[in-house]
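What follows is one structure encoded as C-alpha cells, with my remarks underneath.
The values are calculated or read from the model by the stated rules, or taken from the named source; none is laboratory data. Computed from a predicted structure; not experimentally measured. So basically every Cβ, Gly included, is an ideal-geometry build from the backbone, and we count neighbours across all protein chains shown. Calculation scope for accessible area: heavy atoms of the full protein, side chains included, ligands and nucleic acids excluded. Shrake-Rupley method; radii C 1.70, N 1.55, O 1.52, S 1.80 Å.
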Amino acid sequence: MATRTTRRIAEVMRDAHEGGEVAVIYGQAGLGKTQAVKHYCEQNPAAVLIEANPSFTALVLMRKLATACKLMSTGSLNDLFEAVADRLRDSGRLIVVDEAENLPLRALEILRRLHDETGCGLVLSGMPKLVTNLRGKHGELVQLYSRVSVVLPLGDSLPDEELAEIAKSALPQADEETLSEIVKQANGNTRRMSKLMRGAVRTANKNGIQLQAGIVKKYSSLIIR
Ligand SMILES: Nc1ncnc2c1ncn2[C@@H]1O[C@H](COP(=O)(O)OP(=O)(O)OP(=O)(O)O)[C@@H](O)[C@H]1O
Ligand SMILES: [Mg+2]
C-alpha cells in the first residue's frame, strides 16, 4: 500500500526517469524498497527492472538487460552492450536495478557507460552496502557515483506511524490494542511485521479465536529480531 516511504521512492524514481538522471535509494533490509520499486515499474512500463542477486557478473547483467529489452541475450559482453545501448538510446526509458548492492564493480561501470551513452535515467536501490560499493573499496569514487544526482537514504527502520498504516490496511478487523502490539513488536521492520501478522493470524485461526494482542506477543518471540 502507499505510504510516505513508497511515495518518496516513487518521486525519486520519477525525477530520475524524467530528467535522465542517476538516483540511489538505500536502506536496511525489509523497509519496503523492493515493493515500492516494483510498484513504480508496474505503473510505468517504460521502466526496465532488473533484480540483481549475488551471482550477477557484468555479463549476467547485460544478458538480463538484453532480455528485458526484447533482444537476443547471446553474444559477447561487448555485443550485448552495443545492442542494448542502441535499443535504449534516447528511448525515454528508465533502467532500474534493485538489490544493486550485489553488483560487482565492473557491472556498475557498465551501467555508468550505458547511462552516458543512452541518456536513460538510472535508479539503483539496495542495502547501505551499495553506497560503500559506489564510493569504491578504498575510498576512490567509482565513476558512477560522481554522476548520482539524488540519494534517498531510508535509514534503519520505518516510523511507527507508517507501520500502523500498513497493519491497519492489512488487518482491518483487528482492534487498536492488537494493532499497536503488532507495530511495537515489528521494531521498525516491515518484513518482520508481515511475518508477525501472518503467523499471528494463522495461530488465531488454528485455535478458532479472534486475533488479539496476546497472540501477537507470543508469536513475536518465535521470529528473528
Ligand atoms: N508499503 C507497503 N505496504 C504493505 N506491505 C509492505 C509495504 N512495504 C513493505 N511491505 C512488506 O514488507 C516486506 C519487505 O519489503 P521489501 O521486500 O520491499 O523490503 P526491502 O527493503 O526490499 O528489503 P531487502 O533489503 O531485504 O530486499 C514485504 O514482504 C511486504 O510484505
Ligand atoms: Mg529488496
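Mind pulling the angle between the C-alpha long axis of helix 176-186 and the longest principal axis of the chain? Nearest 10 degrees, somewhere in 0 to 90. The answer is roughly 50 degrees.
Note on the chain: with charges restricted to the Cβ of Lys and Arg (+1) and Asp and Glu (-1), its dipole about the Cα centre is near 760 debye. For GluC sites (Glu not before Pro), the sites in the range 53-162 that DSSP calls loop and that have at most 11 other Cβ atoms within 10 Å are Glu140.
Do any trypsin sites (Lys or Arg not before Pro) in the range 118-213 lie in a DSSP loop with no more than 13 other beta carbon atoms within 10 Å, and if so, which? Kindly include the intermediate steps, with their values, before the conclusion.
Values: sites: Lys129, Arg135, Lys137, Arg147, Lys168, Lys184, Arg191, Arg192, Lys195, Arg198, Arg202, Lys206; in loops: Lys137.
Those that pass, being in a loop and sparsely packed, are Lys137.
Dipole orientation for the chain: of the candidates Val201, Tyr40, Leu171, Val201 has the Cα lying most toward the positive pole (charges on Cβ; Lys, Arg +1; Asp, Glu -1). Enter the angle in degrees (range 0 to 90, nearest 10) between the Cα long axis of helix 58-68 and the first principal axis of the Cα atoms of the chain, meaning the one along which they spread out most. Here the helix axis deviates by roughly 80 degrees. Counting only alpha carbon atoms, the long axis of helix 77-88 and the longest principal axis of the chain meet at about 80°. When only the Cβ of Lys, Arg, Asp and Glu is charged (+1, +1, -1, -1), the dipole of the range 160-220 relative to its Cα centre reaches about 540 debye.
Restricting things to Cα coordinates, could you compute the convex hull volume per residue of the range 160-220 in Å³? Let's see the in-between values first.
Values: hull volume 3.9 nm³, N = 61.
Output value, Cα hull per residue: 64 Å³.
Each residue was assigned an accessible area with a 1.4 Å probe, and for Asp175 the value is about 70 Å².
What size of dipole, in debye to the nearest 20, comes out for the range 124-185 about its Cα centre when the only charges are +1 on Lys and Arg C-beta atoms and -1 on Asp and Glu C-beta atoms? Walk me through the numbers on the way to the answer.
Working: 6 positive and 10 negative charges, 162 e Å.
About 780 debye.
Looking at the chain, the accessible area is 52 square angstrom per residue; that uses a 1.4 Å probe and ignores ligands, DNA and RNA. Its Cα gyration tensor gives the chain an equivalent ellipsoid. The semi-axes, each the square root of 5 times an eigenvalue, are 39, 17, 16 Å from largest down. Shown here for the range 37-103: trypsin sites (Lys or Arg not before Pro) in loop regions (DSSP other than H, G, I, E, B) with at most 10 other Cβ atoms within 10 Å, namely Lys70. Within the set of other residues whose C-beta is less than 11 Å from the C-beta of Ser149, count the net charge using Lys and Arg as +1 and Asp and Glu as -1. Charge balance near Ser149 sits at -1.
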